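First the structure, in the form of C-alpha cells, and then the observations on it.
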Amino acid sequence: DGQYIALPMLYDDMDEMDLPYLVYLRSSFQSCIGTLIHPQWIVTAAHFPITLNLLCGLTNHSNGRFGKQELPYEKVISHPNFTSISSEHDIMLIKLATSIQLTKKFQSVKLPPEDINMDTQCVLSVWSWSDNNFKQDADILQIFRTDWIPNSQCVYSYPGKLTKNTLCVGVMTEISYKCLEVSASPAICGGFLQGILSWTDGCILVGDVGIFTKVYNYVPWIEKIISTH
C-alpha cells in the first residue's frame, strides 16, 4: 500500500502511456495543465492566469511529438464562489472556439458518476523540467499511479485546510520534497476525472500528497455551464 511507480514518458512506443485528454495551458506567468472533458470544453484550476495559449497532443516540448495543435478558445468561466484568497472551489472551465475532433490522440475523459471509493487507485500526469532545460516551458511528461487518501486520514497532516470539496492523493510521509512541476494535474481514478491539483507542500512527482479539487462535487455545475454556454 502507498507505493507509486514513476513512468517517464520518453519512449518510442507510447501507445499505452499516451494521455489524449491532456492540454498544456501555456502562460507567460505560470503554465498549467488542462483536461479535455468534452469536444469543446477543458477543465483546470481557477487560480491560474486567464490569458493562456492552449496546446494539445503534446507530450514532449523539446521535439513537439504527437501532433502539437494550438487551440483557440472562446471564454473562460471560473466557479462563481472561487476567490484568490482561498483554494476552495478551485475549478475553471475553458470553452474552445470550435469543437475538437476526437481521435486516438485527442480524447475526452469522463466525469465521475459517483464519489471515489476506498479501493480506487489514481493515475497522475505531471509536466516537469529536465535538468538541462532552462526555458519557460516544461519538457517532460510523466505519469504514475498512487493512492487516494480519505480526508479523515489526511486531515491530521493538513489540519484546517481540507473541506468536503477537496481530495487527498499521494503517499503520507514525514518528509516532503520540493521540485519544479506544472500544476493543475488531473487525478484519473477508476477511469474518471476525480481531482484537479490545487496545491501541494511537496512534489507530486515523488509521491508527495497533493490537495485536489474534488470534481465529483462540481459535476452539476460543469454540466450546467456546458449546456447553457
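The values are calculated or read from the model by the stated rules, or taken from the named source; none is laboratory data. Here the structure is a predicted model, which means the values were calculated and not measured. Ideal geometry is used to build each Cβ from the backbone, glycine not excepted, and the neighbour counts take in all protein chains shown.
Numbers below:
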quantity	calculated
Residue in the stretch 168-178 that is modelled with pLDDT under 90 and of a type in the set (F, W, Y) present	yes
Listing of strands (runs of 3 or more DSSP E) fully contained in the stretch 156-222 that carry 2 or more residues being among the basic types (K, R), surrounded by 22 or more Cβ atoms within 10 Å (Cβ to Cβ) and in contact with a helix residue (DSSP H, G or I) (Cβ under 6 Å, 6 or more places away or on another chain)	none
Residue match in the stretch 120-128 (condition: assigned to a loop (DSSP other than H, G, I, E, B) and assigned by TED's automatic domain parsing to the domain that holds W199)	yes
Criterion (in a loop (DSSP other than H, G, I, E, B) and in the same structural domain as A184 (by TED's automatic domain parsing)) met by exactly one of D147, D131, D90	D131
